Amino acid sequence: MTTSQYSLPNTTETDDPLDMRSSGAAQRALDYYLKEDMSTSIQDDILFRVKSGISQEEALVHASDLLRSAAATAYESANSHQGNQRDLAFSVVYLIDMAKAMVERSLQVPEAQANV
């Protein structure tokens, strides 16, 4: 058996995490993994944001698609309920259909502008 000619550094016997806090390597690791990236902008509390530069027509087409999906969901919900809950779900379907009709109407080009 051979022994190393190099002496090992003195190490303490404690593995207490509180003692490791003063370690430079531990601090750098914690900073890297736990601190937010300072170069990113602070996010606000907005859950949904419309893509910038979207045209009015594209926005209305997307809104129409969303309303169609919402109407299908409300209609399925109405079919699985009875009584007042069913009536409320069908009233939501009706309100969505009215909103969808208004969105689709705003997508139609007036005949006066089409003939110009």
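The values are calculated or read from the model by the stated rules, or taken from the named source; none is laboratory data. Source: prediction; values computed, not measured. Counting neighbours? That spans all protein chains shown, and the Cβs are built from the backbone with ideal geometry, glycine included. Ligands, DNA and RNA are excluded from the accessible area calculation, which covers all protein heavy atoms including side chains. Shrake-Rupley method; radii C 1.70, N 1.55, O 1.52, S 1.80 Å.
Quick notes on this one:
- Residue in the stretch 69-78 that is in contact (Cβ under 8 Å) with a residue 24 or more places away in the chain and within 26 Å of Gln108 (Cβ to Cβ) present: yes
- In the stretch 48-69, the residues that are open to solvent by 80 Å² or more (accessible area, probe 1.4 Å), modelled with pLDDT of 80 or more and within 19 Å of the chain's Cα centre (by Cα): Arg49, Val50, Lys51, Ser52, His62, Leu66
- Pairs meeting the criteria (first residue in the stretch 88-103 and in a helix (DSSP H, G or I), second residue open to solvent by 80 Å² or more (accessible area, probe 1.4 Å), beta carbons under 6 Å, at least 6 apart or on different chains) are Val93/Tyr75.
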